[in-house]
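Enquirer: Provided herewith is a single structure, encoded as C-alpha cells, for subsequent inquiry.
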Amino acid sequence: MGRASPKPAAPASCIFCEIGQHRAPAYVVYEDTETMAFLDIFPFTRGHLLVIPKRHAPRLTDLPFPDQATLLRSVDVLCRRAERLTSDYNVALNAGANAGQIVFHVHFHVIPRYGEPNPFLAASRAPLKVRDAEELVTTLSAP
C-alpha cells in the first residue's frame with residue numbers, strides 16, 4: 001500500500017481560501033462545512049457560479065477522494081439551483097494553466113446558458129453588477 005499524499009499547503013495569497021474562510025467578500029449562494037459556492041465576479045453568463053472545497057488543493061486530483069465526492073455533491077446541488085434560471089448549463093473544471101485555470105484552487109464552474117454564442121470564446125467579460133448579484137443570491141440561495 002502507498003502512503004497518503006500530504007495535504008497541499010495553501011499559498012499565502014489564495015483568494016478562494018480567503019473567501020472560504022470569510023476573510024474576502026463574495027456573493028455566496030451555498031455553503032456547508034466542506035464546500036462553498038459563490039457568483040463569479042466576471043461571469044460568462046448571468047448566474048455563473050464557482051463551487052469550491054474549503055480545503056485548499058490546486059487540482060481535483062490533489063483532494064482526497066472523500067473530499068472529491070463531497071465537492072461533486074455540492075456541484076449537483078448548484079446545478080439544480082442553476083435550473084431555476086434556465087434548464088441549460090455547462091459544468092467546467094480547468095486543471096492547470098494550459099487548460100485555462102487562473103486561480104489555483106480547485107473549482108467547478110456552473111454556467112447557465114441562455115442560447116448565447118459559446119461564452120468560452122468571449123474576448124472580455126463584464127463585471128458582475130451589484131444589483132444583479134443581490135437578485136441572484138436571493139434566487140440561488142434558497143434550499
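Enquirer: Taking Rh as the Kirkwood radius, which is the inverse of the mean 1/r over Cα pairs, what is the Rg/Rh value for the stretch 50-143?
Expert: 0.97
Enquirer: Still on this model: Which whole-number percent gives the relative contact order of the stretch 10-143, counting Cα pairs below 8 Å spaced six or more residues apart?
Expert: 30 percent.
Enquirer: Moving on to the next point. Would you kindly state how much longer the chain becomes between Ala92 and Glu134 on full extension, computed as 0.36 nm times their sequence separation minus their alpha carbon distance, in nm to one decimal?
Expert: Working it through step by step, the gained length comes to 12.7 nm.
Enquirer: Quick one: order Ile41, Ile52 by neighbouring beta-carbon count within 10 Å, fewest to most.
Expert: Ile41, Ile52
Enquirer: For the stretch 93-143, what is the per residue volume of the convex hull drawn over the alpha-carbon atoms, in cubic angstrom?
Expert: 132 Å³
Enquirer: Here is a follow-up. Could I have the simple spin-label model distance between Ile102 and Val28, label points 7 Å from Cα toward Cβ, reported in nm to one decimal?
Expert: The modelled label-to-label distance comes out at 2.3 nm.
Enquirer: Let me ask something additional. Along the stretch 60-77, what does the Karplus equation 6.51 cos²θ - 1.76 cosθ + 1.60 (θ = phi - 60°) give for ³J(HN,Hα), rounded to whole Hz, x for Gly and Pro?
Expert: The phi angles translate into 4, 6, 8, 7, x, 3, x, 5, 4, 4, 4, 4, 5, 4, 5, 4, 4, 4 Hz.
Taken together, the values in this text are just the output of simple stated rules run on the coordinates, not laboratory data. Owing to the predicted nature of the structure, the values given are computational and were not obtained by experimental measurement. Cβ atoms come from the backbone with ideal geometry, glycine included; neighbour counts cover every protein chain shown.
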